[in-house]
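Working notes for the structure below.
The values are calculated or read from the model by the stated rules, or taken from the named source; none is laboratory data. Predicted model, so just to flag it, every value in this text is computed and none were measured. Positions of Cβ are backbone-derived with ideal geometry, glycine not excepted, and every protein chain shown enters the neighbour counts.
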Amino acid sequence: MKLPIELSKDSREPIYHQIENQLKALIAGGQLAAGTSLPSIRALSKELEVSIITTRRAYQNLENNGFIRTAQGKGTFVAEIAAATKQQVKHDAVYQTMEDAVETALRYDYSTDQVEEIFHNIINTRKGD
Amino acid sequence: MEAFAEISELKKQIDDFRLGPIDLTIEPGTINALVGNNGSGKSTLIKLMMDLATPDSGHIKIFRTRTDTSDETWKTKVAYLPQTPIGYNPYTGKDLKAITAPMYPDWDDEVFAEIAGKFHLPLDKKYGKLSQGMQQKLSLALTIPRNAPILILDEPTSFMDIPSKELLMDILTRWMDQGERTIIMASHQAADIMKLTDYLFVLQDGRMNGVFEKDTLVSSYKQYWLSTPLPNTTVPGEITRENQHIISNQPEQTEAFFRENHLPVTNRAALDLEEIIGLLLRQP
């Protein structure tokens, strides 16, 4: 099965990390249910046009963190994960995105006060919708 | 894991062309691309690996056996597709399969049938009467099913159209997943095989320019556009520049330099692997 993973070569986030995080999000969000068979490292590497070194690293991290499991000779599958873990993934993803946004703003020489103002503007626009 | 092949201090001179010294290790489970311009030594290196030419010095080991000794058992562990197979012309695909299959103990008829089917190979037509693209596809169908752990392909896609290349990539991907295997491909058209590659061996004028893991190589190059002119001094990591655009292979140092000197970057982007190879092969 083709996975909805999209890599950004221009991002500062390493490729293996992008794969890892997007798979985590798919698993925590329920798009990939427990027991779903995942592509082999080689097949996913081909799909994403990355090396097996990168894909293997992502799979290893996911396995170490209990998101996927490998059955010898059978392949790789989505693991059963606890509700608390799902919550943690969502929490981390939102926090990371916010932190990245602040980081970008600071790099462009905005002050933290200005960042706060931008944040409020965005929220207020949303509320107004 | 034990290396499938090891090349040590390999040197060969042919007329005024010098290859080497070459040192290389081929790991199981990897797809490796030999990349270089025409005449960079790719085919010479492959011929040396296949014991079709004798090195002036150094040696090659395949599964721990030196290829220059009388022990030729290593030959069953390698399937080799030369750029131009010799002696095929008078035979049909069917004939060639009947000749080739018994020579390889692990020959897989299903893989042959699958490749022949996907490429719509006219197996009753003589090889010499086929188009160059079709010849290449038939040669692949005669090579991949040998199921040797090491598959060496010399310019396997040079006459293929894009859909055929895609099909070949699918075939090779599945083939890799069916055992402890490795592929070594030579190509001067980098784009063809890059999608599939794990490691790149970049050859330049007979020298090994470098061995690179694909994604590490790609992430080590970045390009920047600045809103002010670049300083006249060389920027750390600078590879090439034009007006307010600069390419670096040490992005961290480059970005630190931009920050320290208050040079405003308006855009930052990765480079395509092809562009990077172009830059590697351009450097003196």
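For B:Gln244, the conditions (1) out of contact with any Asp or Glu (no Cβ under 7 Å at 6 or more places or on another chain); (2) surrounded by fewer than 20 Cβ atoms within 10 Å (Cβ to Cβ); (3) assigned by TED's automatic domain parsing to the domain that holds B:Pro55 all hold with the exception of (3). All conditions in (1) more than 14 Å from chain B (Cβ to nearest Cβ); (2) surrounded by 18 or more Cβ atoms within 10 Å (Cβ to Cβ) hold for A:Gln31, with the sole exception of (2).
If the condition is being part of a helix (DSSP H, G or I) and surrounded by 16 or more Cβ atoms within 10 Å (Cβ to Cβ), then the stretch B:85-113 contributes B:Gly93, B:Leu96, B:Lys97, B:Thr100, B:Val111, B:Phe112. Criterion applied to A:Ile27, A:Ile19, A:Ile5 was being outside the structural domain of A:Val89 (by TED's automatic domain parsing), closer than 24 Å to A:Glu99 by Cα and touching a strand residue (DSSP E or B) at 6+ places or on another chain (Cβ under 6 Å), and the one residue passing it is A:Ile27. Is it the case that B:Leu81 is in the same structural domain as B:Ala191 (by TED's automatic domain parsing) and over 17 Å from B:Arg181 (Cβ atoms)? No: the conditions fail for B:Leu81.
Is it true that A:Ile5 is under 22 Å from B:Ile193 (Cα atoms) and within 14 Å of chain B (Cβ to nearest Cβ)? No.
Of all positions in the stretch B:62-72, none carries a residue that is crowded, with 21+ Cβ neighbours inside 10 Å, assigned by TED's automatic domain parsing to the domain that holds B:Arg181 and in contact with a Leu (Cβ under 7 Å, 6 or more places away or on another chain). So in the stretch B:152-167, with the set limited to residues that are surrounded by fewer than 24 Cβ atoms within 10 Å (Cβ to Cβ) and among the aliphatic types (A, V, I, L, M), which one is farthest from B:Asp106 (Cα to Cα)? Taking the candidates together, the pick is B:Ile162. Which condition number in (1) assigned by TED's automatic domain parsing to the domain that holds A:Ile41; (2) hydroxyl-bearing (Ser, Thr, Tyr); (3) farther than 15 Å from A:Leu26 by Cβ is the one that A:Tyr59 fails? With respect to (1) assigned by TED's automatic domain parsing to the domain that holds A:Ile41; (2) hydroxyl-bearing (Ser, Thr, Tyr); (3) farther than 15 Å from A:Leu26 by Cβ, A:Tyr59 is out only on (3). Every condition in (1) within 13 Å of chain A (Cβ to nearest Cβ); (2) surrounded by 15 or more Cβ atoms within 10 Å (Cβ to Cβ); (3) out of contact with any Phe, Trp or Tyr (no Cβ under 6 Å at 6 or more places or on another chain) holds for B:Arg268 except the one numbered (3). Given the options A:Val89, A:Val94, A:Val102, name the one that is of a type in the set (A, V, I, L, M) and without any contact (Cβ under 8 Å) to a residue 12 or more places away in the chain. Sole residue among the options that is of a type in the set (A, V, I, L, M) and without any contact (Cβ under 8 Å) to a residue 12 or more places away in the chain: A:Val94. Among the residues of the stretch A:53-93, those that are surrounded by fewer than 14 Cβ atoms within 10 Å (Cβ to Cβ), closer than 14 Å to A:Leu38 by Cα and either in contact with a Phe, Trp or Tyr (Cβ under 8 Å, 6 or more places away or on another chain) or among the polar types (S, T, N, Q) (or both) comprise A:Ala71, A:Gln72. Scan the stretch A:109-129 for residues that are in a loop (DSSP other than H, G, I, E, B) and surrounded by 10 or more Cβ atoms within 10 Å (Cβ to Cβ) and the total you get is 2.
Working only within the stretch B:207-236, note down all residues that are among the hydrophobic types (A, V, I, L, M, F, W, C), within 14 Å of chain A (Cβ to nearest Cβ) and more than 33 Å from the chain's Cα centre (by Cα). Hits for the stretch B:207-236: nothing passes.
Mind checking which residues of the stretch B:164-206 are part of a strand (DSSP E or B) and either hydrophobic (A, V, I, L, M, F, W, C) or more than 12 Å from every other protein chain (Cβ to nearest Cβ) (or both)? Result: B:Ile183, B:Ile184, B:Met185, B:Ala186, B:Ser187, B:Leu200, B:Phe201, B:Val202, B:Leu203, B:Gln204.
The single condition among (1) touching a Ser or Thr at 6+ places or on another chain (Cβ under 9 Å); (2) more than 14 Å from chain A (Cβ to nearest Cβ) that B:Lys47 does not satisfy is (1).
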